[in-house]
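Notes follow once the structure below has been shown.
Every read-out reported here was derived from the displayed coordinates using simple, explicitly stated rules and does not represent laboratory data. On a predicted model such as this, the values are computed, not experimentally measured, just so you know. So basically every Cβ, Gly included, is an ideal-geometry build from the backbone, and we count neighbours across all protein chains shown.
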């Protein structure tokens, strides 16, 4: 069977202790063996490790942050596309999805395909809107409330018991045992990600996760649940194991069917001692641990690319239970000229 010719662009090359999904996504697609592929990396910072992984990425371009406006991003992508003729683009950060989804028609005019949720899907699963999401779809979610300033912190005792979770609208989550700790985390997160800050009920139990892919028509193409075995101080999985948990899979299928979810997603769940499942977050993209799903038999990134290209993609029927992943650090040696090329020309 002949391979599909593909020029793939992807963001999320920051493969650090807080890794972006870009490198595992690219690795998964490359290793599928289904594509004759050229990979274009889109980087925001000059020290994103994926920039210098030349065995995975053929060319890198620096792009403006989404906060600089969609017009600047599209203008830069027009230049890149005039050279590369990109077929499929996979954004891998929550914070950039709004800009890419909003710019979907401009991307289509350039011949660039994506496979992303709609703006409505993106908004209704937002942490700020999670209580309404839970009511609408009859799903257990923790009590949560957005706050905009320190003046609202004292009133939290009327609704919440300590400890509580303090979360940013895109990233970061910390546990707080009193008002002073809430203030400290509020300042730290808001300086980085802006407002609002979300205060969420602390649900006691085991944190588990599911990576899944929806076809936009209510069907689940694939889903793999896992439990974190080793967690960094940033709360990121540095090791995990696939689980055979039908309740987690049923909940995933229920959410994808109810929302007609399009694209990759990660469910962050708490399993209580009574085996109830609470949805604490729905991340609207493929997570950084997706290579575990590939190792267990479901290459969801490759399936996403084929969906973007309008290929028929069969549903994955099974995966290996008890497969583990363990991350490791790796030192790359980079020539100064490479760093200077990206810093001065915006290309490597």
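Structural descriptor for the range 143-201: relative contact order 48 percent, calculated from alpha carbon pairs under 8 angstrom and at least 6 residues apart. The range 282-338 and the range 135-180 have Cα centres lying 32 Å from one another.
Based on the mean of other beta carbon atoms within 10 Å per residue, what is the order of 195-201, 68-74, most packed first?
195-201, 68-74
What percentage of all Cα-Cα pairs in the range 143-201 are separated by more than 13 Å? Every Cα pair in the range 143-201 considered, those over 13 Å come to 50 percent. Of the residues 191, 212, 302, the one that moves most in a GNM of the chain with alpha-carbon contacts below 10 Å is 191.
Over the range 176-270, calculate the relative contact order: mean separation of alpha carbon pairs under 8 Å at least 6 apart, over the residue count, as a percent.
Relative CO of the range 176-270 lands at 31 percent.
For the range 22-146, the Cα-based Rg and Dmax, in that order, read 17.0, 49 Å.
The spread of Cα positions in the range 274-348, taken along each principal axis and listed from longest to shortest, comes to 54, 37, 25 Å.
Highest GNM mean-square fluctuation among 140, 247, 219, for the chain modelled with Cα contacts below 10 Å: 247. To test your reading of the geometry: what angle, between 0 and 90 degrees and rounded to tens, separates the Cα axis of helix 336-345 from the longest principal axis of the chain? Compared with the principal axis, the helix lies near 90 degrees. Measure nothing fancy, just the Cα-based angle from helix 22-31's long axis to the longest principal axis of the chain, in degrees from 0 to 90, nearest 10. The two axes meet at around 50 degrees.
Extension gain for residue 204-residue 85 works out to 37.9 nm (0.36 nm per residue, less the C-alpha to C-alpha distance). Against the chain, whose longest principal axis comes from its Cα atoms, helix 70-84 is set at around 30 degrees. Values of log10 I(q)/I(0) for the range 93-185 across q = 0.14 Å⁻¹ run -0.66, by the Debye formula with one identical scatterer at each alpha carbon and no solvent.
Kirkwood hydrodynamic radius computed over the chain comes to 21.0 Å, based on all pairs of distinct alpha carbons.
For the chain, averaging the sequence separation of C-alpha pairs within contact (under 8 Å, six or more residues apart) and dividing by the residue count gives a relative contact order of 18 percent.
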